Each structure stands twice: as C-alpha cells, then as structure tokens.
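Undergrad: Mind having a look at this structure? Questions to follow.
The values are calculated or read from the model by the stated rules, or taken from the named source; none is laboratory data. If you're wondering where the values come from, they're calculated on a predicted model, not measured in any experiment. Cβ placement follows ideal geometry from the backbone for every residue including glycine, while neighbour counts extend to all protein chains displayed. Just so you know, the surface numbers come from the protein's heavy atoms only, side chains and all, with ligands and any DNA or RNA stripped out. Shrake-Rupley method; radii C 1.70, N 1.55, O 1.52, S 1.80 Å.
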Amino acid sequence: MVAAMAVFSMPVMAQNDLTEVAKGFENLDGITLNADGYYLGEKKGKGVTNPFLKDLTTYDCKYYEGPLLFQLDYTLDSKNNIESFTGIAISKRTDNSAKYPYNYYNNVKGGGYNSETYGIINGNNTFIELAKDTKIKGLYVNNSAYTLEKMLNGDSYTPALNKDGDYFKLVIEGFAYGETEDDDDTKLAQKEVTMAEFKDGSLQYIKDWTWVDLADFMDKNIDYVIFSFNGSASETPPCACIDNITLLVPPTQGIEGVVSKDSNAMEVARYNANGVRLNAPQH
C-alpha cells in the first residue's frame with residue numbers, strides 16, 4: 001500500500017526535467033504582419049456567416065508558437081469593409097497613442113517586452129492551449145492604449161474610471177479538460193491582475209511591461225488558459241497586451257510529431273545539442 005501510494009503521487013514529469021523557454025509572438029509560420037505593423041487574422045477557409053447579419057463573416061485564424069495554440073477569430077463586414085477580431089492578435093507597433101484606427105494595436109509603453117512583437121487580447125474568454133506536459137510560469141502584461149484612453153476619458157458609451165473604488169482587472173484562469181467529452185472541464189488556478197484603479201485622487205494604472213507570476217499554475221496539469229476581464233464599469237473595453245509567455249517544456253518538445261510534406265525528404269546533416277555538426281550518429 002505504501003509503495004502504491006508513493007508511485008501514484010509522483011508527477012508526470014518533474015519540473016527539474018523541463019526546459020525554460022519564452023514565447024513572444026516571433027517568427028510565426030504562415031503569418032505576415034501588414035504594412036501598419038499588425039495581424040488581426042485574414043480570410044481563411046469558408047468562414048461562418050452571422051445568421052442575423054449576413055454581411056458579417058468570421059474566420060478561424062488560430063495559430064501556433066511552439067507548444068502554444070492561440071485563439072484568433074477574424075471578422076469581416078463585407079458591406080462596410082470593416083475588419084475586427086476577438087482572441088489574440090499580433091502587433092509590432094511602437095506608437096503608444098490611442099489614435100484611430102491603430103488604437104487597438106498599440107500599448108501604453110510602445111513596442112514589445114525586449115522584442116519587436118507582442119500579443120493583443122480582445123474579448124472575454126480568450127484562450128491559449130498548452131501542449132502536453134507544458135507548464136506556464138508567467139508572462140508580461142501591459143495596458144492597451146485603446147482601453148487606457150477609455151478608462152481615462154470615457155465617451156458617450158464608456159464611463160471613465162474617475163472615482164474611488166473604480167478598477168479594471170485582467171483575470172487569468174487555468175483549466176484541465178474533462179476526462180471524457182461528457183465531463184466538465186475543471187478550473188485549477190486563478191490569478192487576478194489589477195490593470196488600473198482610481199485611488200488617492202487619480203487613476204493609477206500599469207504603464208510598462210509588468211511580470212505576472214503564475215506560480216500557482218506550475219504544479220497543476222493545466223491544459224489551457226483563459227483570459228477574461230472585470231471592472232467597476234462593464235463597458236470598459238476588454239483588452240490588454242501580453243508578451244514573453246514563459247514556459248517549462250520537455251527538452252524534446254517540438255521535435256516529435258514533425259511530418260515532412262516532401263515524400264523525398266532525406267537527412268542532409270546531423271548536429272548535437274550544442275550545435276556542433278556530427279560525422280556519425282551518437283546519443
């Protein structure tokens with residue numbers, strides 16, 4: 001009984017066996033940023049037309065970076081030629097202003113965290129899916145220039161955050177899939193990040209890339225992460241920016257499952273883990 005309990009309590013993979021990597025929306029296969037420095041998706045496949053608004057068609061533009069799968073849904077209003085997105089778009093814009101039409105694609109600092117590109121979350125229940133045995137350690141967050149402008153100044157629809165107790169938060173939740181399709185998914189961890197709050201007579205807000213430690217997520221078998229927002233004003237735009245998602249991954253992750261589309265593919269060179277070319281196979 002003692003031996004059985006000891007074996008059962010062992011984790012699938014010890015964290016000491018994992019390699020730390022950071023993903024920052026760089027060099028994504030099949031994705032090209034437009035001339036204005038951002039990517040919000042594109043017309044892919046057939047798309048789904050809104051049954052009530054026939055001019056609106058949404059396209060599934062999910063994309064991968066290493067062991068992460070990012071949600072991105074692109075919507076085109078064909079009548080008015082207006083593009084929009086929900087999920088996580090990509091930007092390399094360094095402007096930190098809230099001027100239309102680029103306000104959605106700017107953050108209040110300008111540029112990414114030690115990199116050109118960064119992600120822009122738009123919408124509640126936006127998700128990132130993690131590959132098997134991947135652990136999320138943390139990430140950097142910043143305010144969207146668009147959301148900050150609304151929090152500071154408001155408009156006819158969105159109230160400004162200008163009195164004590166007003167706030168805006170990003171909520172990060174980690175879930176495990178149910179064991180079967182009939183089982184509900186289980187929430188295993190949650191982290192709240194205060195993006196802005198009004199106190200001491202002014203709105204105090206995140207204005208630079210800020211590290212969010214997800215230590216509580218590390219010892220859980222989390223399959224996907226959900227980003228949502230809450231605040232004192234429900235009309236505050238549900239947007240924030242993220243970068244350098246830091247992960248612990250198995251050392252061989254990204255090698256297994258690679259399939260060549262070329263039936264004539266052949267090995268042309270072999271290297272060891274240090275990048276030194278080998279003349280013969282070795283462990």
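Undergrad: Condition first: out of contact with any Ser or Thr (no Cβ under 6 Å at 6 or more places or on another chain) and more than 24 Å from Ser115 (Cα to Cα). Can you find one or more residues in the range 128-138 that meet it?
TA: Applying the first criterion (out of contact with any Ser or Thr (no Cβ under 6 Å at 6 or more places or on another chain)) to the range 128-138 yields 128-136.
Adding the requirement that they be more than 24 Å from Ser115 (Cα to Cα) leaves 132-133.
Yes.
Undergrad: Moving to a separate point now. Residue check: is Asn162 part of a loop (DSSP other than H, G, I, E, B), open to solvent by 50 Å² or more (accessible area, probe 1.4 Å) and in contact with a strand residue (DSSP E or B) (Cβ under 9 Å, 6 or more places away or on another chain)?
TA: On the way: part of a loop (DSSP other than H, G, I, E, B): yes; open to solvent by 50 Å² or more (accessible area, probe 1.4 Å): yes; in contact with a strand residue (DSSP E or B) (Cβ under 9 Å, 6 or more places away or on another chain): yes.
Spelling it out, Asn162 is indeed part of a loop (DSSP other than H, G, I, E, B), open to solvent by 50 Å² or more (accessible area, probe 1.4 Å) and in contact with a strand residue (DSSP E or B) (Cβ under 9 Å, 6 or more places away or on another chain).
Undergrad: Find the residue count for the range 186-207, including only residues that are outside any strand (DSSP E or B) and free of Cβ contacts under 8 Å to residues at least 24 places away in the same chain.
TA: Pass one, the range 186-207, residues outside any strand (DSSP E or B): 200-201, 206-207.
Narrowing further to those that are free of Cβ contacts under 8 Å to residues at least 24 places away in the same chain: 200-201.
The number of residues fulfilling the criteria is 2.
Undergrad: Residues of the range 105-135 being of a type outside the set (S, T, N, Q) and within 17 Å of Asp208 (Cα to Cα), which ones? It would help to see each step written out before you state the result.
TA: Applying the first criterion (of a type outside the set (S, T, N, Q)) to the range 105-135 yields 105, 108-113, 116, 118-121, 123, 127-133, 135.
Of everything in the range 105-135, those that are of a type outside the set (S, T, N, Q) and within 17 Å of Asp208 (Cα to Cα) turn out to be Tyr105, Val108, Lys109, Gly110, Gly111, Gly112, Tyr113, Glu116, Tyr118, Gly119, Ile120, Ile121.
Undergrad: Can I ask one more? What number of residues within the range 95-134 are over 11 Å from the mean Cα position of the chain (by Cα), modelled with pLDDT of 95 or more and hydrophobic (A, V, I, L, M, F, W, C)?
TA: 2
Undergrad: If we scan the range 208-220, do we find a residue that is part of a loop (DSSP other than H, G, I, E, B) and open to solvent by less than 10 Å² (accessible area, probe 1.4 Å)? Even if it seems obvious, please write down each step before you answer.
TA: Let us first name the residues in the range 208-220 that are part of a loop (DSSP other than H, G, I, E, B), namely 208-209, 214, 219-220.
Checking the rest, the ones that are also open to solvent by less than 10 Å² (accessible area, probe 1.4 Å) come to 214.
So far as the range 208-220 goes, yes, one or more of its residues are part of a loop (DSSP other than H, G, I, E, B) and open to solvent by less than 10 Å² (accessible area, probe 1.4 Å).
Undergrad: Now a separate question. If I go through the range 100-126 residue by residue, how many of them are open to solvent by 10 Å² or more (accessible area, probe 1.4 Å) and not in a loop (DSSP other than H, G, I, E, B)?
TA: 4
Undergrad: Only one of Glu235, Glu192 is touching a Lys or Arg at 6+ places or on another chain (Cβ under 7 Å), loosely packed, with under 15 Cβ neighbours inside 10 Å and of a type outside the set (Val, Ile, Thr). Can you tell me which? Don't jump to the end; show me each part of the working.
TA: On the way: Glu235 fails: touching a Lys or Arg at 6+ places or on another chain (Cβ under 7 Å).
Just one listed residue meets the conditions, Glu192.
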